[in-house]
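A.B. asks: Sharing a structure with you now.
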Amino acid sequence: MHIKRGQFKSAFLARLVWFLAFLSFSLLYWWVMTNFAIRDFWDPQFALKRDFLRARVKENPDSPLWLIMGGSRVESDLRLVQVLDRIRKNNAPLIYNFGLSGADLFRQYICLRRLIENGPKPQRVGIEIFGTYLNYKQSNFLAAPTLLVRARRDEIDEYCSFSSDPAFTRSVWERSRIDPTYKYGMKLPHQTLLLRLIPMPLLWRLEKHFYDKWGWVKVPPAPIPKEDYDREFLMAKAYFTNDPASFEVSRNSDRALRGILDLCRNEKIDVFLFQLPESTDLTALYTDHENACIKSYLDQIKSDYRVPMMDCRSWLPDPYYYTDGNHLNATGVEKFTPAFVDEVLKFSK
Amino acid sequence: MGFLGCLLTGRISADLIAPVLFNSVQFLIFFAVVFAAYWSVRIHWLRTLLLLVASYYFYMSWNAKLAAVVATSSLMDYFIARTIESSTGEWQRRRLLGMSIVMNLGLLFYFKYTNFFLESLGQLLGRLGMEHHMPFLEVILPIGISFYTFEAISYTVDVYHRHAEAEKNPLHFLLFITFFPRMVAGPIIRARNFLPQLKRNKRFSWARFDLGVQYVLMGLFKKMAIADRMSNLVDPVYQSPGQYSSWAVWVAAVAYSLQVYGDFSGYSDIALGTAHMLGFKLPENFNMPYMSRNIAEFWRRWHISLSTWLRDYVFIPMGGSRGTLVRTMFTLMMTFALCGLWHGARWTFVAWGAVQGVMMVAHRLFLGWCKVRPKVREMLETKLGTTLRILATYWACVLSFVIFRSQDFQRMKLMFHAMFHFQEGMEVRYPVSSDSLIFTFVLVAISHLVVEFDLWKKITPRLTPLEWGLAYTVIIILAFMMASESQKTFIYFQF
């Protein structure tokens, strides 16, 4: 349609009306899809891992399922494809890496509960304990708006009960549900989210992700250049260093860990706790007071719940094995995974 | 908080005060207020004043103190140009011109290059085994300084050569330097094109407003859906090239060619669009550069306002193509080395400029070689020859951008090593994977072809309002959904 001079106003206004109509429809579509049609749209990292897990369980229907839960350190340190001979034998437990970026005890608690409710339900779980996280007054998943979006509608009350500012937590979460430009944060492939809005399951297969089929996320090759290590370590240091004088296990960390242990006890799931390797650079950051606090707390938990504890912190002390003092590089992963799995398999004896 | 979140919840916080980033809600609010005020005022001089206040507010929202530096140097240029025009003595005119150039380049040098040269001198002395304690100046680089400095210089040079009249109205001159749509990253405008527009009283035009909206939407899309998205493939690899596989490094190199194009041409589009909405026409800064058949054409399509500035105020005054071949080559090399240095205080920029110069010289020599070989020329003019030339030019740009993007020569070496020797390592998989490069590459290629073959001009007049509305919606949605997680500043802000 050719527009003559003088008709621009009406033509432009007509375009504007159509634009607003299409935009309104798109927003409505987005809102329905993300809030009601696609259950885990807001937590695709969890959904990816769970879907891979379901596929592994389907391949090994008779094997007992053992989940290793935790944060990015579990995600990157445990490359189970290296030990398939040990975990895919008849009657051997199916061990799966359920590490999720940034997952502290609260996040592990929420994810474990989802798995128990919707499957697959594990027979044994390993819960990662990261000393410095124990001090956090509240989970990152309650404080950071980009992480809060992961909460499901039926979980938000629980999120608020763990939050030190429930009103903030609720309002930020509600805002995320009405704002299509809200950012998700933390390593989420955008195309995953985009493709999920198109109701064609075939397209979902085109999704790209960063996990292998056993839940491992690829790590930098070794040896990592020293300047890269130093830079990454400084970032880790800034992020993880607590105020040594005020270090104490927070009420919310304790509540989350006890929540996991109570849940497992009720569901008859075996649990073990573990601490992952740390370089000497990182362990040097802990003061005696911090070490004593963490030790006495974990001793208390062990005696209250009679759970075993695997302390792997000193397994690989050399910074050579790390990218930043607490995430292993390729060489570190190669050394750590078989040793860890061997130790875990002892639980079945 | 998300973009719409701010609007939906009406939460106007302190961070809404700074409108410097075009792709922010702050700028949207800022521009809406300026636009409404500008067109509701009928008095011409009041409109000019309003734009001037808005432009200074725009700059001061980033750094108030440095806005004073811009104002002072602009006023100095204003008075110098007036004096040049009224002076009759050639020697005095030349002295005043020199004063203006020294002042402008002095400011540019002080803010942008002092630490760079001190550091380089320190390194040189260190290599020679001499003790040195080079001072480090705590200076903030005023955004856009490279752009408005060149504009001020071109203005006084034009007045000196009597190619332009000295502006009598100081408000007009100050607005010429600080006009906010193009203040921080160009395009570099010329006084003789812009000042006459300021003098004309304007009437609101729906056609122009519509054109402006299209420019802005296209610019936002380029910035958010192309540049910011590609930066996810680029930034981690350029930070630690040694950790990534050869494939990831090639992906990053190609992605950067798309990122820098999307970023800068996106900014230029938004600048042109907002200017159109206010009734001003700024020069086009990009014209499908990756369709260039040779490097000389690339520079006629890429950052056009800079390349024409360098041609008019550096290359031609230095002799241009008038002298011997050797002299021309020397002038070309110097011009492009300066072009590299203009981009930033880093030796990799200078090296990139030098490589551009070498490619320009090589192209000239090749042209001369082809002149006496008509069969080769005919072959190159065929469709296949043209396609191959376009591809060769594009890949030359991709490789030279590796120098441009690398923080230092060490990383540049690692990049080239990984590109030309098989290297195992990590892949970039989040938040986007290399697949998104293919999608973006195809998108940019199609857009280049559509415009190059004038399909755009054939298609758009036939579109109905419904189709326009749909196109706007798709652009907006894709831009916001494909946008990066963190709002990224424009690359050319640093220049």
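A.B. asks: For region A:48-71, enumerate the residues that are outside any loop (DSSP other than H, G, I, E, B) and surrounded by fewer than 17 Cβ atoms within 10 Å (Cβ to Cβ).
C.D. replies: A:Asp51, A:Arg54, A:Ala55, A:Lys58, A:Glu59
A.B. asks: Tally time: how many residues in region A:319-339 are part of a loop (DSSP other than H, G, I, E, B) and open to solvent by 20 Å² or more (accessible area, probe 1.4 Å)?
C.D. replies: Number satisfying all stated conditions: 1.
A.B. asks: For the list (1) at pLDDT 90 or above; (2) in a helix (DSSP H, G or I), I need the number of the one condition that A:Leu84 fails.
C.D. replies: (1)
Residues checked against (1) of a type in the set (A, V, I, L, M); (2) within 19 Å of B:Met288 (Cα to Cα); (3) open to solvent by less than 10 Å² (accessible area, probe 1.4 Å); (4) in contact (Cβ under 8 Å) with a residue 60 or more places away in the chain:
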{"site": "B:Val184", "(1), (2), (3), (4)": "yes, no, yes, yes"}
{"site": "B:Phe209", "(1), (2), (3), (4)": "no, no, no, yes"}
{"site": "B:Ser231", "(1), (2), (3), (4)": "no, no, yes, yes"}
{"site": "B:Tyr244", "(1), (2), (3), (4)": "no, no, no, yes"}
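A.B. asks: So, one more: Can you tell me which residue in region B:429-446 is surrounded by the fewest Cβ atoms within 10 Å (Cβ to Cβ), limited to those that are more than 9 Å from chain A (Cβ to nearest Cβ) and in contact (Cβ under 8 Å) with a residue 24 or more places away in the chain?
C.D. replies: Among those that are more than 9 Å from chain A (Cβ to nearest Cβ) and in contact (Cβ under 8 Å) with a residue 24 or more places away in the chain, it is B:Ala445.
A.B. asks: When region B:368-413 is examined, which residues are found to be among the aromatic types (Phe, Trp, Tyr) and over 23 Å from the mean Cα position of the chain (by Cα)?
C.D. replies: Residues satisfying the conditions are B:Trp369, B:Phe409.
A.B. asks: Next question. Tell me, yes or no, whether region B:205-222 has at least one residue that is more than 28 Å from B:Tyr261 (Cα to Cα) and at pLDDT below 90.
C.D. replies: Yes - at least one qualifying residue is present in region B:205-222.
A.B. asks: To continue, here is another question. For A:Glu158, work out the one condition from (1) under 16 Å from A:Trp30 (Cβ atoms); (2) away from chain B (no Cβ under 11 Å); (3) at pLDDT 75 or above it doesn't fulfil.
C.D. replies: (1)
A.B. asks: A:Gly131 fails exactly one of the following numbered conditions: (1) modelled with pLDDT under 90; (2) open to solvent by 10 Å² or more (accessible area, probe 1.4 Å). What is the number of that condition?
C.D. replies: (2)
A.B. asks: When you go through A:Trp30, A:Trp18 one by one, which is the residue that is touching a Leu at 6+ places or on another chain (Cβ under 8 Å), within 14 Å of chain B (Cβ to nearest Cβ), open to solvent by 60 Å² or more (accessible area, probe 1.4 Å) and of a type outside the set (Gly, Ala, Ser)?
C.D. replies: A:Trp18
A.B. asks: Sticking with this one: Would you point out which residue out of B:Ala392, B:Ala337 is among the small types (Gly, Ala, Ser) and in contact (Cβ under 8 Å) with a residue 12 or more places away in the chain?
C.D. replies: B:Ala337
A.B. asks: Return the only residue of A:Pro277, A:Pro220 being within 14 Å of another protein chain (Cβ to nearest Cβ), closer than 22 Å to A:Ala103 by Cβ and surrounded by 17 or more Cβ atoms within 10 Å (Cβ to Cβ).
C.D. replies: When all the criteria are applied, what remains is A:Pro220.
A.B. asks: Further, regarding this structure: Since A:Ser176 meets every condition but one in (1) in a helix (DSSP H, G or I); (2) open to solvent by 10 Å² or more (accessible area, probe 1.4 Å); (3) touching a Phe, Trp or Tyr at 6+ places or on another chain (Cβ under 6 Å), which condition does it not meet?
C.D. replies: Every condition holds for A:Ser176 apart from (2).
A.B. asks: On the given criteria, is A:Gln108 open to solvent by 10 Å² or more (accessible area, probe 1.4 Å) and not in a loop (DSSP other than H, G, I, E, B)?
C.D. replies: no
The values are calculated or read from the model by the stated rules, or taken from the named source; none is laboratory data. Quantities reported herein were computed from a predicted structural model and do not represent experimental measurements. Here Cβ is always computed from backbone atoms with ideal geometry, including for glycine, and neighbour counts include all displayed protein chains. Each accessible area value is taken on the protein alone, full model and side chains, heavy atoms only, with ligands, DNA and RNA left out. Shrake-Rupley method; radii C 1.70, N 1.55, O 1.52, S 1.80 Å.
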